Amino acid sequence: MAVWARQVSRWCCLLNGARAAGFTRGLRSRGCTADTCREFAPLAVLPAGKEVVLWRLQACRHVSVGSCSPPDSAKDGSFSSPESNLPSVQQERAKAETLPDLNAKILDEDWDDIPPPSALEVISEEEAVQIIAEPLLPIQSSTLQDYVDHSETLEKLVHLGVDLSQVEKRQKAGQLLLTLDFEKDVKKILLFLKDVGIEDNQLGAFLTKNPYILAEDLEALETRVAYLKSKKFGKSEIAQMVSRAPYLLLFSVERLDNRLGFFKNELGLSVKKTKDLVIRLPRLLTGKLEPVKENLQVCQIELGFQRNEIQQIVYKTPKILTASKKRLRQTFDYLHNIMGIPHHMLTRFPQVFNSKLLRIRERHMFLAFLGRAQYDPAQPSYVSLDQLVSLPDEVFCTEIAKASMQDFENFLKTL
């Protein structure tokens, strides 16, 4: 019975030793150092005569790199003494002392990254009162006004006089403004426009009509201004053109050059007259050319003007190039066929085409009623077309019709 008990005790010790060795290997595989393995190694005194198990435990305590498996001799079934393995154990221990402690380095780095405060962290009432909650940004809105309190760009544009209610009617203009940063994107464009000649009190109206210029490349804008200067446009003339045609600087140098060339060649104008033409009506450089070409054909083919007459009409009254074709035909028909104004007189006073047909008809009929409808400069009581359409009603009645304002009003009631 005693022999059986001793045998069981021996097997238990061997089993415990193996478990201890496995435990130590697990620690080393997780980056534990030799000192850690030493702390966790079993130090219990084994029963007498169990030198082999004691040697295995001591080996695990001293080796920090490599495997804690028994030496090759142990695999054959023979075990050498602890003293015979002492040099190799010391060498392994020396290697372990030279290895860097990676865990300690990682731990130091982790301490530098202070985690952000948790939303569940308990704070005092005084700290809670000091918290200012920002208003929620509308997820979707049909007006830019809802975003003014959340956007520095919109807020400052409003202070400049930009009408956001008009801007949001333009295609994708509202989305554009919401993506711009005032200091980075908008400020440099404002300084550029002021340098071009746009006054401070004009910036709001200008950006209301053309908010897209805020997304243009500054270098490209400067290149277009430099091109206009190369064509002998003065600074005040460029400022006038840009303010009257806000989209002018959105067009490339190539397009601007093509437009100037078109009007010069199509109308047969000199360089100076072409420049004067676009200064007075700069939207000729930004609008479509199809209506212009059609109006030129109407004047030549349907209305019967000669090429040199068209040059004079267009140079004196550039708006005729963009006028409604229907209105142009009706006005000419009344002036030429009913009032009897010849082509050369219409060429001399082309501004009559800019007047409302109703105004021309009422005044002509009143003069005809009074017997004073005389438009031939060679005849007495001559009435120029310019006076017919440009004078106020009071002046027209007293100086041209030689009648009172009440007479004119009473006559209009009979129509």
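Scanning region 150-181 for residues that are in a loop (DSSP other than H, G, I, E, B) and farther than 14 Å from Thr208 by Cα yields Ser151, Leu180, Asp181. Under the condition of being under 21 Å from Gly197 (Cβ atoms), among the hydrophobic types (A, V, I, L, M, F, W, C), in a loop (DSSP other than H, G, I, E, B) and open to solvent by 10 Å² or more (accessible area, probe 1.4 Å), the residues counted in region 246-286 number 1. Scanning region 388-408 for residues that are outside any loop (DSSP other than H, G, I, E, B) and among the polar types (S, T, N, Q) yields Ser390, Thr398, Gln406. The lone criterion from (1) open to solvent by 20 Å² or more (accessible area, probe 1.4 Å); (2) under 15 Å from the mean Cα position of the chain (by Cα); (3) touching a residue at least 24 places away in the same chain (Cβ under 8 Å) left unmet by Leu177 is number (1).
Okay, residues lined up against (1) over 16 Å from Val158 (Cα atoms); (2) over 22 Å from the mean Cα position of the chain (by Cα); (3) touching a residue at least 12 places away in the same chain (Cβ under 8 Å); (4) open to solvent by 30 Å² or more (accessible area, probe 1.4 Å):
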position: Leu190; (1), (2), (3), (4): no, no, yes, no
position: Lys194; (1), (2), (3), (4): yes, no, no, yes
position: Glu199; (1), (2), (3), (4): yes, yes, no, yes
position: Gly204; (1), (2), (3), (4): no, no, yes, no
position: Lys209; (1), (2), (3), (4): no, no, yes, yes
position: Leu214; (1), (2), (3), (4): no, no, yes, no
position: Glu219; (1), (2), (3), (4): yes, no, no, yes
position: Lys232; (1), (2), (3), (4): yes, yes, yes, yes
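Residue check: His336 meets all listed conditions (1) surrounded by fewer than 18 Cβ atoms within 10 Å (Cβ to Cβ); (2) of a type outside the set (Gly, Ala, Ser); (3) not in a helix (DSSP H, G or I) but one, namely (3). Of the residues making up region 362-377, not a single one is open to solvent by 50 Å² or more (accessible area, probe 1.4 Å), within 30 Å of Leu284 (Cβ to Cβ) and not in a loop (DSSP other than H, G, I, E, B). Residues of region 306-319 that are under 27 Å from Met365 (Cβ atoms) and open to solvent by 10 Å² or more (accessible area, probe 1.4 Å): Lys316, Lys319.
Whether a residue is more than 18 Å from Ile310 (Cα to Cα), open to solvent by less than 50 Å² (accessible area, probe 1.4 Å) and either within 53 Å of the chain's Cα centre (by Cα) or among the aromatic types (Phe, Trp, Tyr) (or both) was assessed, and Leu388 passes this test.
The values are calculated or read from the model by the stated rules, or taken from the named source; none is laboratory data. Here the structure is a predicted model, which means the values were calculated and not measured. In this analysis, Cβ positions are derived from the backbone assuming ideal geometry, glycine residues included, and neighbour counts consider all displayed protein chains. Surface areas here come from the heavy atoms of the whole protein model, side chains and all, with no ligands, DNA or RNA. Shrake-Rupley method; radii C 1.70, N 1.55, O 1.52, S 1.80 Å.
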